[in-house]
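Contents: one structure, followed by commentary.
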Amino acid sequence: MHLNKKSKIFIAGHNGMVGSSVLRHFKKKGYKNLFFKTRKSLNLIDQKKTYSYINEIKPDFVIIAAAKVGGIFSNNDQKAKFIYENIMIQTNLIHSSFLVGVKKLIFLGSSCIYPKYVKQPIREDYLMTGKLEETNDSYSIAKLAGYKMCEAYNKQYRTNYICLMPPNLYGPNDNYNLKTSHFFPAIISKTHLALKKNSKTIKIWGDGTPKRELMYVDDLADACEFFLKKDTKHSLINIGSGEEKTILDYYKFVIKKLNANLEIKFEKNKPNGTPRKKLDLSVAKNYGWKSRYNLNKGFDLTYKDYLKKIDSNK
């Protein structure tokens, strides 16, 4: 089955930042048979209900964007929820897809599942060669299990289930809650609020030295379509922007973009997280895929969405 505009595609997690981007992308490209369900109407933690729905629609392709996600605080504070909910969601979706005959599936991983002190840039075969970052190890282990499940089904059942491994993502429909968000939306929210409150300072968790690669979420959506069309021999493929900065540099970038005059203060009693996570993109490039958005353009689109979001919340 080759991907075409009439293909039946189930997008799990369409309300989140990643899933909503994937849905927008496929709609814009003219795909007609897109299936999605809200969490209220389909609890993906429930195995029977998940199988029943997938068996009912019998999709040609499945994209798994559904997951419990969060930043360093929530990952460290809710380890049991992160490992349980993610393992249940992805297991139910992958196995149900197999049972109803789905041959091509994309499972979205996360670069945090690579070892904490791994060689840089990170190649796919560096997976499971060292210890994980402690603050998000539950989430990482769940995502690692999802990838290994895809790999195992490919070997035993000759499916073509691919795990795309993105870096930190940002974009429209992100989560800006300072207790549960990832670092970049947190920077945007903190800087904007500091401006509104006429604050003179802004605080950074840790010492600001960890490096992170960021990718605009619409690049991930594009990669989903690209790799659904490709016959791949890899079960795991890194995707990213190739752009990397320190956390401190991202703060400086946002502060400059918003014309803020803020003194940066460090909360060095807070954890830094993994020192660096730059992905080796050679495999994706060999297939012909590369990102399109730079940080400047991606930020402008994201901040515009952020302003709309806080405006509607008022």
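For beta carbons closer than 6 Å, sequence separation of 6+ or different chains, a first residue in the stretch 84-103 that is part of a helix (DSSP H, G or I) and at pLDDT 95 or above and a second that is hydroxyl-bearing (Ser, Thr, Tyr) and surrounded by 18 or more Cβ atoms within 10 Å (Cβ to Cβ), the qualifying pairs are 92/50; 96/50; 98/153.
With respect to residue 172, determine if the residue is over 12 Å from the mean Cα position of the chain (by Cα) and open to solvent by less than 10 Å² (accessible area, probe 1.4 Å). So residue 172 fails the test. Would it be correct to say that residue 259 is on the phi > 0 side of the Ramachandran plot and either touching a Leu at 6+ places or on another chain (Cβ under 9 Å) or among the charged types (D, E, K, R) (or both)? Answer is yes for this residue.
Here's the yes/no breakdown for (1) open to solvent by 60 Å² or more (accessible area, probe 1.4 Å); (2) touching a strand residue (DSSP E or B) at 6+ places or on another chain (Cβ under 7 Å):
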site: 177; (1), (2): yes, no
site: 224; (1), (2): no, yes
site: 227; (1), (2): no, yes
site: 261; (1), (2): yes, no
site: 265; (1), (2): yes, yes
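Annotation: of all residues in the stretch 233-245 being open to solvent by 20 Å² or more (accessible area, probe 1.4 Å) and out of contact with any Ser or Thr (no Cβ under 8 Å at 6 or more places or on another chain), the one that is nearest to residue 62 (Cα to Cα) is 235. Candidates in the stretch 146-169 are the residues that are open to solvent by 20 Å² or more (accessible area, probe 1.4 Å) and in contact with an Asp or Glu (Cβ under 9 Å, 6 or more places away or on another chain); of these, the one that is farthest from residue 17 (Cα to Cα) is 160.
With respect to residue 218, determine if the residue is outside any loop (DSSP other than H, G, I, E, B) and either open to solvent by less than 50 Å² (accessible area, probe 1.4 Å) or touching a helix residue (DSSP H, G or I) at 6+ places or on another chain (Cβ under 7 Å) (or both). Against the criterion (outside any loop (DSSP other than H, G, I, E, B) and either open to solvent by less than 50 Å² (accessible area, probe 1.4 Å) or touching a helix residue (DSSP H, G or I) at 6+ places or on another chain (Cβ under 7 Å) (or both)), residue 218 qualifies. Going by what's in this entry, would residue 143 be described as open to solvent by less than 20 Å² (accessible area, probe 1.4 Å) and charged (D, E, K, R)? Spelling it out, residue 143 is indeed open to solvent by less than 20 Å² (accessible area, probe 1.4 Å) and charged (D, E, K, R). Residues of the stretch 129-140 that are polar (S, T, N, Q) and either surrounded by fewer than 15 Cβ atoms within 10 Å (Cβ to Cβ) or within 17 Å of the chain's Cα centre (by Cα) (or both): 129, 136, 138, 140. Per the listing 37, 49, 68, the residue uniquely among the basic types (Lys, Arg), open to solvent by less than 50 Å² (accessible area, probe 1.4 Å) and not in a strand (DSSP E or B) is 68.
State whether one or more residues within the stretch 118-128 are assigned to a helix (DSSP H, G or I), open to solvent by less than 50 Å² (accessible area, probe 1.4 Å), within 21 Å of residue 176 (Cα to Cα) and not basic (Lys, Arg). For the stretch 118-128, residues assigned to a helix (DSSP H, G or I), open to solvent by less than 50 Å² (accessible area, probe 1.4 Å), within 21 Å of residue 176 (Cα to Cα) and not basic (Lys, Arg): absent.
Every test in (1) in a helix (DSSP H, G or I); (2) touching a Leu at 6+ places or on another chain (Cβ under 9 Å); (3) without any contact (Cβ under 8 Å) to a residue 60 or more places away in the chain; (4) not aromatic (Phe, Trp, Tyr) is passed by residue 245 save one, and that test is (1). One residue stands out among those in the stretch 260-310 that are β-branched (Val, Ile, Thr) and in a helix (DSSP H, G or I): the one that is modelled with the lowest pLDDT, which is 310. The residues on offer are 194, 186, and the sole one that is assigned to a helix (DSSP H, G or I) and surrounded by 21 or more Cβ atoms within 10 Å (Cβ to Cβ) is 186. Out of curiosity, is residue 307 within 25 Å of the chain's Cα centre (by Cα), within 26 Å of residue 16 (Cβ to Cβ), surrounded by 14 or more Cβ atoms within 10 Å (Cβ to Cβ) and not hydroxyl-bearing (Ser, Thr, Tyr)? Judged against the criteria, residue 307 is not a match. For the residues 279, 301, the requirement of being touching a residue at least 60 places away in the same chain (Cβ under 8 Å), hydrophobic (A, V, I, L, M, F, W, C), open to solvent by less than 30 Å² (accessible area, probe 1.4 Å) and on the phi < 0 side of the Ramachandran plot singles out 279. When the stretch 248-259 is filtered for residues that are assigned to a helix (DSSP H, G or I) and either loosely packed, with under 15 Cβ neighbours inside 10 Å or not aromatic (Phe, Trp, Tyr) (or both), the ones remaining, listed by number, are 248, 249, 252, 254, 255, 256, 257.
The values are calculated or read from the model by the stated rules, or taken from the named source; none is laboratory data. Predicted model, so just to flag it, every value in this text is computed and none were measured. FYI the Cβ positions are ideal-geometry reconstructions off the backbone, even for glycines, and counts take in every protein chain you see. Side chains are part of the model used for accessible areas, which takes the heavy atoms of the whole protein and leaves out ligands, DNA and RNA. Shrake-Rupley method; radii C 1.70, N 1.55, O 1.52, S 1.80 Å.
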